[in-house]
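See structure below.
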C-alpha cells in the first residue's frame, strides 16, 4: 500500500471531519434559524467531502477497511487534523472566525489540489471547491458584519481573532509528508496557498479594523498527531457508538 | 423482447429527486451514463453536493424503477466532471420555477454574487425582481433562501455551482 498517500488522505479528510463535527454541535443551537441551517449545511458538505477522502483511503488500505473504520477506529494520535479545526465553539464569533480562517486556506488549497497528478484526488477537490466557495462567502460576510458591527460584536470578534490566529500558521507550514506530496505533484505548494490566504485575511481584517499585528502563529502539532485536549473529547463523542457496538450500521 | 438502452432511460425518467419532486434524475443531470450488457445494466450517477443525503435514496429508487426489467443492476458514483447547475435543461428550469423554486441564474451571473456582487433573482410567485437574499443556505445545501419584497413571500433559490 502507498503509505504516504494514505496518510495524506487522512490529513486532508481529518480536517474536514473534525470541523464538520464542531459545526454539527451547533445543530439546533445556532443563534437564529438561518445561521443554524447554514452552519449545519456547511457541516454536511464537509462530512460528504470527508467520505470521499476516507473511501479512497479505505480502498488503498484494503484488508477490510471501510470509510467507517477509517473515520471511527483510530486513536487520537493517529488523527492528523490541524489544531485550528478542533478549537471549541466558544461563542458565535469564535465559530465564525475559525470558519473564516479555515475557508481562507481551504479554497486556495482545493484550487491547487484540483490539478493534482492523482486524478481521484483532483476530482474530489474540484467537486469540493464548488461548495467551499460558498463557505468562504458565508464566513467572510459574517466576519464583516461582526467586525464592523457594534462595539461589542467588534470586541468579541477581536478576542476570537487573538485566540485563533496563532493556529493559522500550521495550515500554511508544510510537514515532511506535504513536501513529499508536493514533489510528487500530488499535493499543493503551500507557499502559494499561503499567498492567497494572506491576501484574503489581510483584506478583510483591515476592512473591519480587526487587528492581527503582533500576534504570533506558533501553534502546531496536529499534523503530527499531537493534539490539544479538545480532540479527545470530540473523539469520545464521535466514536462512542462504533466502540460500543462494533460494526453497527443504520 | 430484449430491453434496449432507451427503455432504461425511459424508466429513469420516472425517478424523481426526492427533494425536488418535479424533476427527474435525468433532467437533473444526476444520471451520467447507462451501459447495458447481457442481463445486466450499469448506471453511473454523480452527486449534486458532496453531503447530499438524497443520493442513497436516489440509488435505491433507481433500483426500484429498474427492478421489473430483471436486469442485474450496478450503480456507480463518479465525481468528475463535477455536477453543475448548467446541466439543468430549459424545461427543467421552467418546472423548478412553476414549483416555486427560483431556477439558477447563469453561472457567470452567480459568480459575480460570490464576489459579493448583487444578483437579480426573480420571485417564482409574482415574478418581481425586488427580492433579497435572507441566507446563503436554505432548506437544502443546493438552495439559498430569498424573500420577495413585492409579495413578501419567502422562496428558495437554486444556487449555481
Worksheet item: Quick one: if you stick a label point 7 Å off each Cα along the C-beta vector at residue A:3 and residue B:56, how many nm between them?
Response: 3.5 nm
Worksheet item: residue B:87 to residue A:115: FRET efficiency via 1/(1 + (r/R0)^6), r the Cβ-Cβ distance, R0 25 Å, to the nearest 0.05?
Response: 0.60
Practice prompt. Treat the count of other C-beta atoms within 10 Å as a stand-in for reagent exposure and order A:90, A:50, B:74 from fewest to most.
Written response: B:74, A:90, A:50
Item to complete: Express in nm, to one decimal, how much length is gained between residue A:77 and residue A:183 on full extension, taking 0.36 nm for each residue of separation and deducting their alpha carbon distance.
Response: 35.6 nm
Worksheet, complete the sentence: Relative contact order of the stretch B:30-74 (C-alpha contacts under 8 Å, at least 6 apart) in percent is 41 percent
Practice prompt. Could you state, as a whole-number percent, how many of the C-alpha pairs of the stretch A:3-244 are farther apart than 31 Å?
Written response: 18 percent
Fill in: With 10 Å bins from 0: P(r) over the stretch A:175-245, alpha-carbon pairs, percent
14, 26, 30, 24, 5, 0
Worksheet item: Taking only C-alpha pairs under 8 Å that are 6+ residues apart, what is the relative contact order of chain B in percent?
Response: 18 percent
Discussion item. What are the extents of the Cα atoms of the stretch B:1-42 along their three principal axes, in Å, largest first?
Written reply: 34, 18, 12
Item to complete: Over 16 Å, how big is the tail of the calculated P(r) for the stretch A:110-171, in percent of all Cα pairs?
Response: 62 percent
Worksheet entry | Rg ratio (alpha-carbon, reference 2.2 N^0.38 Å) - the stretch B:5-83 | 1.01
Fill in: Hydrodynamic radius (Kirkwood) for the protein assembly as shown, which is based on Cα pairs only, to one decimal in Å
22.7 Å
Worksheet item: Stokes-Einstein at 37 °C, 0.692 mPa s, Kirkwood radius from Cα pairs: D for the stretch A:76-182 in µm² s⁻¹?
Response: 217 µm²/s
Item to complete: Please report the relative contact order for chain A, taking Cα pairs under 8 Å with a sequence separation of at least 6, and give it as a percent rounded to a whole number.
Response: 24 percent
Discussion item. Can you order the peptides A:238-244, A:74-80 by their average number of other Cβ atoms within 10 Å per residue, highest first?
Written reply: A:74-80, A:238-244
Worksheet item: Could you give the nm distance between label points at residue A:244 and residue A:198, where each point is 7 Å from its Cα heading toward the beta carbon?
Response: 4.9 nm
Worksheet item: When DSSP assigns beta bridges and you keep just the ones with both residues in chain B, what percent turn out antiparallel, to the nearest 5?
Response: 70 percent
Fill in: Cα-only radius of gyration and Dmax that characterise chain B, units Å
17.6, 58
Worksheet item: With a Cα-only, solvent-free Debye model of the stretch A:129-236, what are the log10 I(q)/I(0) values at q = 0.17 Å⁻¹?
Response: -1.03
Worksheet item: If you take the beta carbon distance between residue B:129 and residue A:144 as r and set R0 to 25 Å, what does 1/(1 + (r/R0)^6) give as a FRET efficiency, to the nearest 0.05?
Response: 0.50
Fill in: Separation in nanometres of the label points that stand 7 Å from Cα toward Cβ, at residue A:175 and residue A:206
3.4 nm
Worksheet, complete the sentence: Percent antiparallel among DSSP beta bridges confined to the protein assembly as shown, nearest 5, equals 70 percent
Worksheet item: Where the Cα atoms of the stretch A:23-143 are projected onto their three principal axes, how long is each span, largest first, in whole Å?
Response: 45, 32, 23
Worksheet item: Out of every Cα pair in the stretch A:1-54, what percent are spaced more than 17 Å from each other?
Response: 42 percent
Fill in: Angle between chain A longest axis and helix A:151-164 axis [Cα atoms, degrees, rounded to 10]
40 degrees
Response to the item:
So for R0 = 35 Å, FRET eff. of residue B:35-residue A:90 from the Cβ-Cβ r, to 0.05, ends up at 0.10
Practice prompt. Place a label point 7 angstrom from the Cα of residue B:4 along the Cα-to-Cβ direction, then list the residues of the stretch B:29-46 whose backbone nitrogen is under 20 Å away.
Written response: B:33-43
Worksheet item: To the nearest 500 deg cm²/dmol, what mean residue ellipticity at 222 nm is calculated for chain A from DSSP H runs of n ≥ 4 alone, each contributing -39,500 (n - 2.57), summed and divided by the residues?
Response: -22500 deg cm²/dmol
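Only the coordinates and a few stated rules stand behind these numbers; no lab work does. Fair warning: this is a prediction, and the values are worked out from it, not measured in the lab. Glycine gets a Cβ as well: all are built from the backbone with ideal geometry, and neighbour counts include every protein chain shown.
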